[in-house]
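Quick notes on the structure that follows.
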Amino acid sequence: MGMLDFCKAGGYPVYVLCILLITYLLNQLDRYILAIVILPLAQEIHFGDKSCLPNETRQPGPLQCNNASGDKHCYSLLNANGTPYCKWDYNGNGWEYQIMAGPIFILIYTFMGIFIGFLADAANRKNLLAVSLFFWSLMTFLMGFAQEYWHLALLRFGQGVGEAGCTPFAASLIADYFPEAARGSAMGFYNWGIYTGYSLSFAVGNYITRANIMGLGWRWTFFICGIPGFLVSLVVLITVKEPQRTQGTGERAHNMNTPSSLSLSQRLSRILQPFLSPSLLLLCLAGSIRNAGGYVWAYNAQIYFSQYFPGEDVGRWLSWIPLVGGSFGVLFGGFISDRVVKKRGLPARVWVLVISQIVAAPFLVGVLWLSPPYAFLLLIPANIIGEMWVGVTLAIVVELVPPVIRTSAVAFYLFIITNIGGNMPLLVPPLTSLYGLRTALLILFPGMYVAGSLLFLLTLCVARRDHRKITSAETEPLLPESDEVSQEEHHKRT
């Protein structure tokens, strides 16, 4: 099946898919715009760490400002005119920022996702998706009016509440709008919103701030990011129809053999049990570590280039590199793993994870070691190779769990890796205070790729055995043979 097989489903389902893609794009744009404007934002609202930064109103001097170890040393650096060309100011990093970027958003985002996942099974999904989009867009828009740190923290919390409703509702709608054979390519198209929204955040965050509309600088980035969500939420509400719910073969068999009175604790126990196997435990740990590297870079890339290369136009490069590299990486990873798995089975997928992450790591070291434009250019192969893991790990998860809980298992896997990986940026401030930002990112960016690769290798050692168990379980009849015969005879008599 090709990547665009979802087009065969008809014009209206494709229209709905495009609306869902735009919704996911806005989801990612609003999530990451904070990281792009954090430097001018922190300097105006006054929070986070301070360091020696270039004074853009003065003629540059011979040394880089970030070489200064304290405020006195910072102001002692003089240019040819004999005046200080650096300033001791907020640099956008520190505990306050990392907490706002990570735990304040991630914890409510993931826990709300569990509650919303249950709603997606019973409620009107397109209405709830429209409400979620409107709410997180409102939180983003209001960030432009923030005057204190706690204003931002509260609104960031609200963002997490709203954004938690995006993918659960969208994925459920996609499952009902597209036949089973086209759902994979439809979800792949939908997931382009990740890289499109993230790349767009660099363009909006850098160029709108620089435009300084009405003298409000970074505040207009939140206004511009929030306004489209209001419009798209109306489009979702008015033009998207709530489709009839469908069930896959595995789900129907599951419902035939599962009591309707199954309690929540029993359902959770059924989902959690496969994750006690060594292969899934290791896969979750490896995915969490690898995901941590992505989160660390996503929330600190702008800070890094602003600190070490203050005159560089970051938006010129990062407004398209994540989009091109990430999108190709996801598609390339799925293509490669599907081809090799036909010959060598499930272990071949794990080998794709092991090799891709260890190969991508040296490129990432180059990103942090070299100066622009080479640092940016190395992000292209790093993204293409390093992002291969996204779809491949999900394919492994569904192959290591019974068919009747695959959807819930994927949700639980994402819950684990998002909570662990999304809070890993909290390690940036202490490591920065000890070794500097560049070394901290070397440890937490390419270092996490290498650690993830080694953990994927350990997963390989036990995955074959657990997959064999699942395969044998799938071949067992859902009902004892005597029951099947008796049911068949009953149908004949009636």
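Miscellaneous remarks
- Where a label projected 7 Å from the Cα of F309 along Cα→Cβ would reach, residues of segment 359-385 with amide N under 18 Å: 362-384
- Spatial offset of segment 45-87 relative to segment 344-413 amounts to 40 Å, using the alpha carbon center of each.
- Restricted to Cα atoms, segment 58-217 shows a radius of gyration and a Dmax of 22.1, 71 angstrom.
- When the surface is traced with a 1.4 Å probe over the full set of protein chains, W220 keeps roughly 60 Å² accessible.
- Solvent-accessible area per residue for segment 72-217 (1.4 angstrom probe, square angstrom): 41
- Extension gain from T83 to S265, taking 0.36 nm per residue of separation minus the Cα-Cα distance: 58.7 nm
- Cut-off 13 Å between beta-carbons: net charge of the residues surrounding F145, Lys and Arg +1, Asp and Glu -1: -1
- Sulfur and carbon atoms: percent of accessible area, segment 387-430 [1.4 Å]: 77
- In this structure the amide hydrogen of K87, modeled in the peptide plane, comes within under 5 Å of the amide hydrogens of L53, N55, none closer than 5 places in sequence on its chain.
- With every protein chain in place, segment 64-128: carbon and sulfur % of accessible area (1.4 Å): 61
- Exposure ranking of H151, H46 by accessible area [1.4 Å probe, largest first]: H46, H151
- Label-point separation in nm, L431 to I114, each point 7 Å along Cα→Cβ: 2.8
The values are calculated or read from the model by the stated rules, or taken from the named source; none is laboratory data. Please read all numbers here as calculations on a predicted model, not as lab measurements. Ideal geometry is used to build each Cβ from the backbone, glycine not excepted, and the neighbour counts take in all protein chains shown. Side chains included, ligands, DNA and RNA excluded: accessible areas come from the protein's heavy atoms. Shrake-Rupley method; radii C 1.70, N 1.55, O 1.52, S 1.80 Å.
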